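Notes follow once the structure below has been shown.
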């Protein structure tokens, strides 16, 4: 019993650290993905489309959320309580596809789970304190992460000002630079050697 509890305590501490230091926890995963990448033309194309789809989803979600001011229940928030994290995972899957290395994808997705699972729990607890009964009703119908079609009444409307406020344009630029980086790896590894002839 002691071993199990100590292992559980260690994992809990790892989750807590990752949740509190998401950038530092994510950085080595990104580096690993780049080092293990062996992109092909098709993996670049398909992966980039998935990355862009994830970023479009983030832009969609960002236009509805007015953090800490009101509970967002319109747009993607009718189907998942955490669409930004959901679309983050779509973006990450896209980059894994671009890397075209299944081992890198397995390690990356496992790390993504460790980093974001405690964050979802912590933010749910915070939202419960902030919005009380309104959040409880929403949480009873709308799932935490994986989307589900619901008929929860939508409150709020889309606003580009919120997208700008959340600086989503900078995130979109980072996605484009990430795609360009994988294209650079493809070219550096000689993927376009035939273009010389």
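The values are calculated or read from the model by the stated rules, or taken from the named source; none is laboratory data. Everything numeric here is computed off the predicted structure, so don't read it as measured data. Cβ placement follows ideal geometry from the backbone for every residue including glycine, while neighbour counts extend to all protein chains displayed.
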Single match in 111, 125 (criterion: over 23 Å from residue 60 (Cα atoms) and at pLDDT 90 or above): 125
Filter pass, residue 11 being assigned to a helix (DSSP H, G or I), over 19 Å from the mean Cα position of the chain (by Cα) and modelled with pLDDT under 95: yes
Criterion (in contact (Cβ under 8 Å) with a residue 24 or more places away in the chain, surrounded by fewer than 18 Cβ atoms within 10 Å (Cβ to Cβ) and over 26 Å from residue 47 (Cβ atoms)) met by exactly one of 172, 159, 125: 159
Hey, residue 78 crowded, with 21+ Cβ neighbours inside 10 Å and on the phi < 0 side of the Ramachandran plot or not: yes
Filtered residues of segment 151-163 (kept if within 19 Å of residue 68 (Cα to Cα) and in a loop (DSSP other than H, G, I, E, B)): 154, 155, 156, 157, 158, 159
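Per-residue answers, yes or no, for (1) touching a strand residue (DSSP E or B) at 6+ places or on another chain (Cβ under 8 Å); (2) surrounded by fewer than 18 Cβ atoms within 10 Å (Cβ to Cβ); (3) touching a residue at least 12 places away in the same chain (Cβ under 8 Å); (4) part of a helix (DSSP H, G or I):
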position: 85; (1), (2), (3), (4): no, no, yes, yes
position: 97; (1), (2), (3), (4): no, no, yes, yes
position: 106; (1), (2), (3), (4): no, yes, no, yes
position: 138; (1), (2), (3), (4): no, no, yes, yes
position: 149; (1), (2), (3), (4): no, yes, yes, no
Any hit, segment 43-50, residues being touching a helix residue (DSSP H, G or I) at 6+ places or on another chain (Cβ under 7 Å), within 20 Å of residue 157 (Cα to Cα) and either buried (at least 22 other Cβ atoms within 10 Å of the Cβ) or at pLDDT 95 or above (or both): no
